[in-house]
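One structure below.
The values are calculated or read from the model by the stated rules, or taken from the named source; none is laboratory data. Owing to the predicted nature of the structure, the values given are computational and were not obtained by experimental measurement. Reconstructed Cβ throughout: ideal geometry from the backbone, glycine too, with neighbour counts over all protein chains shown. Note: accessible area is taken over every heavy atom of the protein model, side chains too, but ligands, DNA and RNA are not part of it. Shrake-Rupley method; radii C 1.70, N 1.55, O 1.52, S 1.80 Å.
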Amino acid sequence: SNSQWYSVVCLAPICLYPCLIKSGHAPNEMTDGIPGDLLPDLDQGVEMERFADEADVVIVGGGPAGLAAAIRLKQLANKHEKELRVCLVEKASQIGAHTLSGACLEPSALTELIPDWKERGAPLNTPVTEDVFSILTEKHRIPVPILPGLPMQNHGNYIIRMGNLVHWLGEQAEELGVELYPGYAAAEVLFHEDGSVKGIATNDVGIAKDGSPKDVFERGMELHAKVTLFGEGCHGHLAKQLYKKFNLRENCEPQTYAIGLKEVWMIDEKKWRPGRVEHSVGWPLDRNTYGGSFLYHLNEGEPLVALGFVVGLDYTNPYLSPFREFQRWKHHPFVAPTLEGGQRIAYGARALNEGGFQSIPKLTFPGGLLIGCSPGFMNVPKIKGTHTAMKSGMLAAEAIFPKVTAENLDSETAGLHIPEYAENLKNSWVWKELYAVRNIRPSFHNYFGLYGGMIYTGIFYWILRGKEPWTFKHCGTDASQLKPAKECTPIEYPKPDGKISFDLLSSVALSGTNHEGDQPPHLTLKDDSIPVAKNLAIYDGPEQRFCPAGVYEYVPVETGDGMRLQINAQNCVHCKTCDIKDPSQNINWVVPEGGGGPAYNGL
Amino acid sequence: MSGRVLVGVKRVIDYAVKIRVKPDNTGVVTDGVKHSMNPFCEIAVEEAVKLKEKKLIKEVVAVSCGPQQSQETIRTALAMGADRGIHVEVSGKDYENLGPLQVSKILAALAKKEDAQLILLGKQAIDDDCNQTGQMTAALLDWPQGTFASEVSLEGDKINLVREIDGGLEHIKINTPAVVTADLRLNTPRYATLPNIMKAKKKKIATMKPADLGVDLTSRLEVLKVEEPPQRQAGMKVETVEDLVGKLKEAGRI
């Protein structure tokens, strides 16, 4: 028969077992009823019971937001001498291994959280000393003055390796008594009978590629909590389900995104200018494709630079490859000299939010709430989201703490509802900051594209600080922006030279990404026939180009004519771009076995 | 018979990570790099835990020699089913110079101290590929050794072993106490699942220094230089057999 075993856990409340799912059914989609052909095979002789444990608060995601929330909770617990069990699960094998960011950190939130961060050895070693902004043309560079007050001004900020900061935050959290569990992915949201969130379950392990249980099969574990915080970062897979279940997006714009690709280079000491921040827009992107580059000189003892390229995922040309735009940007006469004689030592990629204020969903629901880049608090023109993510985590902790430690709390639902978090966020600097810059990104959608946007920013932000009474809308979802391939021109990308620019596969190898081979691919398709029928036929298979890890390939079928989509799930770097940009919205990223994915080191 | 098994576990750079040589060519970069338990050590732990589950042995003790982070590796072994751990603290320059001979001396001392009946190790570590520790430990203790084991079964006070050798499989029977090193096909290690990691936090890890066991860590080896393998030169495609022969002659190969 054509049915395939899928291990993926269907979220219908009673069906928690490896299911026989005919291809065509959406695994991990919320279903109210169970189609008749989904019958658990109960005489597998496999142990189906899940071990469950209770905590006061469970946090999904060990990034800046999750860790800030955990730290703040424990600080409050210690201050008020209350017992509080805080458990944090993180899919990366170690805290920081899936973290990727530019980054120029605005230390405001960190200082609020841990005022003596410097004495405690937080890895903020590189104050920004020089700030350079350029518009690039193919061969030249137009300098743009960064006037004080413009969002991209970095005075007072630090160039950091975000992975190292996150790792340090993890150490602070552990010292305070937070239970950190890296290597364990939250795969499923658990619900009480009244529909409120009960906690999460980690994924089952030891399932073979075909969905059948291996000898080492073991069910995941349930972690129950009074409140669960979801801090999965940009485009979290559990958040995606929560949006649907609790209708959290009914009064906001769809989220819009960009993909950020990054490399770290050890450069020639003579080229090294510690503290220097460079940003550019323009070439190689056309004026209607949002994006630009960053290049930061770190000062941590070695001549390291962190550099990368961001492309807005609302781009329209299906032939565009963000990876290859990044590689060819490095050859620009303003950029290449810095890298000549140097050695590339790291590579990675991650999607980031660009929707800003207009795209913030409802943040709380019975039993849980959303923090950090998951709902999305990035200040797009500043290209900073970490300070707001951390603040959201802290505000969440401050709102949760009194309720979770209250002696006799009257709650309508079994899982606690904490609307105070959203109210406090609205009254905080996060809200004011995001409101002020809300129109900058959408202002790029005009005939003059990039230049129109920059003029808008100059007039309305620099002079009026975002006080204009209107709020621009976004243009719809990123996935719906692609034009059919026949309406677009293929882009001629230069071949990588192996010294400054590189091919995709050697880049992916540098990310250290790996997954247990014999497990069901975690990039699931709702309908197996759509990739060839729609993505390839109409859009020439854009997933081959927007995936920064070479997961998707259209290859000829073994016998006969035609093509098929090959999914090299092991390469995945968990960037989430495919789930965002697939024009058919057919690709559903679910979390693979915990511990898999990239092994970023100080990215 | 004590029924006690000592399992050695080593913390190594994860096999999927791209190794980078330090700019001063003294070694590879390890700071912040993802580490995990040596895959062959995982197999050894699994075998020990299986023996305990079959009630053929009574206690599994996981041992690791290294810096503070080695405790994470021991915790993984505890989560897989080991009963307690021993962390022999070695750090800094001593750790950089730590090799099979010193580790064997430590294991031999521990085996006597703990009255071990069996020592289970991985056949080799994936960072240095030495494939020496098991053999040296057996020699220091004057115990039999069963290396490259792909099947282990206890029969009274003897062990039946199948060894993977170049020509095929070798079946041997050795007396206990003995040292056995695990090869790839011995078993499939179980996952260290979250409930077990939580339980493992309650299991004990004793710490000690090599000096406590009377072991001298002086190395008789000196690493002169560590280099990247030479860059692979681009190949060349030729159209005809004559071209190929011509090019080979040019390069002086024929």
Residue among B:50, B:55, B:105, B:93 that is out of contact with any Phe, Trp or Tyr (no Cβ under 6 Å at 6 or more places or on another chain) and under 30 Å from residue A:343 (Cα atoms): B:93
Residue match in segment B:196-215 (condition: at the interface with chain A (Cβ under 10 Å from one of its Cβ atoms) and either in a loop (DSSP other than H, G, I, E, B) or among the hydroxyl-bearing types (Ser, Thr, Tyr) (or both)): yes
Hits in segment A:270-283 (condition: away from chain B (no Cβ under 14 Å), within 30 Å of residue B:21 (Cα to Cα) and either surrounded by fewer than 23 Cβ atoms within 10 Å (Cβ to Cβ) or free of Cβ contacts under 8 Å to residues at least 60 places away in the same chain (or both)): A:270, A:271, A:273, A:274, A:275, A:276, A:278
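Quick grid of which residues meet (1) part of a helix (DSSP H, G or I); (2) buried (at least 24 other Cβ atoms within 10 Å of the Cβ):
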| site | (1), (2) |
| --- | --- |
| A:344 | no, no |
| A:362 | no, no |
| A:390 | yes, yes |
| A:397 | yes, yes |
| A:406 | no, no |
| A:409 | no, no |
| A:416 | no, yes |
| A:431 | yes, no |
| A:435 | yes, no |
Residue count, segment B:141-177 (criterion: surrounded by fewer than 18 Cβ atoms within 10 Å (Cβ to Cβ) and among the hydrophobic types (A, V, I, L, M, F, W, C)): 5
Residue check for residue B:188: surrounded by fewer than 19 Cβ atoms within 10 Å (Cβ to Cβ), among the β-branched types (Val, Ile, Thr) and within 14 Å of chain A (Cβ to nearest Cβ): yes
Cβ-Cβ under 7 Å pairs, at least 6 apart or on other chains, segment A:202-214 side within 14 Å of residue A:517 (Cβ to Cβ) and in contact (Cβ under 8 Å) with a residue 40 or more places away in the chain, far side assigned to a loop (DSSP other than H, G, I, E, B) and among the polar types (S, T, N, Q): A:205/B:193; A:207/A:7; A:207/A:519; A:209/A:519
Helices (runs of 4 or more DSSP H) wholly inside segment B:34-114 containing at least 1 residues that are free of Cβ contacts under 8 Å to residues at least 40 places away in the same chain: B:39-53, B:92-96, B:100-114
Per-region count, segment A:242-269, residues outside any loop (DSSP other than H, G, I, E, B) and either farther than 14 Å from residue A:343 by Cα or open to solvent by less than 10 Å² (accessible area, probe 1.4 Å) (or both): 14
Subset of segment A:110-125 (residues that are touching a residue at least 24 places away in the same chain (Cβ under 8 Å), out of contact with any Asp or Glu (no Cβ under 7 Å at 6 or more places or on another chain) and on the phi < 0 side of the Ramachandran plot): A:110, A:112, A:113, A:114, A:120, A:122, A:123, A:124
Wholly within segment A:185-234, strands (runs of 3 or more DSSP E) carrying at least 1 residues that are closer than 20 Å to residue A:55 by Cα and open to solvent by less than 10 Å² (accessible area, probe 1.4 Å): A:186-191, A:197-202, A:222-224, A:227-230
Qualifying positions in segment B:144-170 - part of a strand (DSSP E or B) and of a type in the set (Asp, Glu): B:151, B:155, B:164, B:170
Some residue of segment A:449-465 being out of contact with any Lys or Arg (no Cβ under 8 Å at 6 or more places or on another chain), exposed (fewer than 15 other Cβ atoms within 10 Å of the Cβ), at pLDDT 85 or above and outside any loop (DSSP other than H, G, I, E, B): no
The lone exception for residue A:175 - which of (1) in contact (Cβ under 8 Å) with a residue 24 or more places away in the chain; (2) away from chain B (no Cβ under 14 Å) it fails: (1)
Condition broken by residue A:160, with the remaining ones in (1) out of contact with any helix residue (DSSP H, G or I) (no Cβ under 7 Å at 6 or more places or on another chain); (2) open to solvent by 10 Å² or more (accessible area, probe 1.4 Å) satisfied: (2)
Top-ranked residue in segment B:229-254 [being open to solvent by less than 100 Å² (accessible area, probe 1.4 Å) and charged (D, E, K, R); ranked as nearest to residue B:70 (Cα to Cα)]: B:247
Some residue of segment A:127-142 being farther than 28 Å from residue A:418 by Cβ, assigned to a helix (DSSP H, G or I) and touching a residue at least 24 places away in the same chain (Cβ under 8 Å): no
Segment B:1-57 - residue that is facing another protein chain (nearest Cβ under 9 Å) and among the basic types (Lys, Arg) and, of those, least open to solvent (accessible area, probe 1.4 Å): B:34
Per-region count, segment A:359-378, residues touching a residue at least 60 places away in the same chain (Cβ under 8 Å), closer than 15 Å to residue A:426 by Cα and not hydrophobic (A, V, I, L, M, F, W, C): 6
Selection count where residues are touching a helix residue (DSSP H, G or I) at 6+ places or on another chain (Cβ under 9 Å) and under 14 Å from residue A:364 (Cβ atoms), scope segment A:202-230: 4
Residues of segment A:500-524 that turn out to be over 30 Å from residue A:267 (Cβ atoms), more than 14 Å from every other protein chain (Cβ to nearest Cβ) and either part of a helix (DSSP H, G or I) or open to solvent by 30 Å² or more (accessible area, probe 1.4 Å) (or both), as a count: 1
Where residue A:132 falls short, out of the listed (1) β-branched (Val, Ile, Thr); (2) open to solvent by less than 10 Å² (accessible area, probe 1.4 Å); (3) at pLDDT below 95: (2)
Residue in segment B:171-192 that is in contact (Cβ under 8 Å) with a residue 40 or more places away in the chain and part of a helix (DSSP H, G or I) present: yes
Among residues of segment A:178-221, those that are within 13 Å of another protein chain (Cβ to nearest Cβ) and over 26 Å from residue A:166 (Cβ atoms), counted: 11
Test: residue in segment B:96-106 that is crowded, with 17+ Cβ neighbours inside 10 Å and within 14 Å of chain A (Cβ to nearest Cβ): no
Top-ranked residue of segment A:284-315 - restricted to ones that are within 14 Å of chain B (Cβ to nearest Cβ) and either touching a His at 6+ places or on another chain (Cβ under 9 Å) or open to solvent by less than 20 Å² (accessible area, probe 1.4 Å) (or both), ranked as farthest from residue A:262 (Cα to Cα): A:303
